[in-house]
1. Among the residues of the range 9-31, is any in a loop (DSSP other than H, G, I, E, B), touching a residue at least 60 places away in the same chain (Cβ under 8 Å), under 20 Å from residue 87 (Cα atoms) and touching a strand residue (DSSP E or B) at 6+ places or on another chain (Cβ under 7 Å)?
2. Is the range 51-73 home to any residue that is within 17 Å of residue 25 (Cα to Cα), touching a helix residue (DSSP H, G or I) at 6+ places or on another chain (Cβ under 7 Å) and outside any loop (DSSP other than H, G, I, E, B)?
3. Please go through the range 1-20 and give me each residue that is in contact with a helix residue (DSSP H, G or I) (Cβ under 7 Å, 6 or more places away or on another chain) and at pLDDT 90 or above, ordered by number.
């Protein structure tokens with residue numbers, strides 16, 4: 001079971017399983033945005049617990065459904081509602097993509113627009129050649 005997440009800065013999608021290594025500092029793999037700045041060493045373990053609980057819940061519900069068939073119907077609202085209430089920010093950001101904060105380093109150096117050389121110095125003049133094939137300066 002995978003749990004998808006989205007970076008609050010660059011708005012890219014990740015998997016929660018990609019963030020459970022404490023050595024990575026619980027940061028976005030793309031832009032380096034810190035998801036839990038004060039809890040970088042604790043947050044990966046909490047994420048791992050959430051993934052384990054998610055897998056356990058899904059497995060238990062699947063087993064229960066296979067045992068009861070259609071004779072017992074679980075109310076989806078009571079299962080999904082508390083989870084949705086625990087994550088109100090995720091719902092709001094899914095509707096409107098967040099602009100996020102820029103990373104602390106520049107993404108690229110500013111580039112000046114390209115100006116053709118003729119626009120700066122004017123058209124180049126070609127040397128005039130005489131009928132003999134030599135340029136006028138070379139005749140001397």
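The values are calculated or read from the model by the stated rules, or taken from the named source; none is laboratory data. The shown structure was predicted, so the numbers you read here are calculated from the model rather than taken from an experiment. With ideal geometry, Cβ positions are generated from the backbone for all residues, glycine too; neighbour counts draw on all protein chains shown.
1. Looking through the range 9-31, none of the residues is in a loop (DSSP other than H, G, I, E, B), touching a residue at least 60 places away in the same chain (Cβ under 8 Å), under 20 Å from residue 87 (Cα atoms) and touching a strand residue (DSSP E or B) at 6+ places or on another chain (Cβ under 7 Å).
2. Checked against the condition, which is being within 17 Å of residue 25 (Cα to Cα), touching a helix residue (DSSP H, G or I) at 6+ places or on another chain (Cβ under 7 Å) and outside any loop (DSSP other than H, G, I, E, B), the range 51-73 yields no hits at all.
3. The answer is 3, 5, 6, 16, 17, 19, 20.
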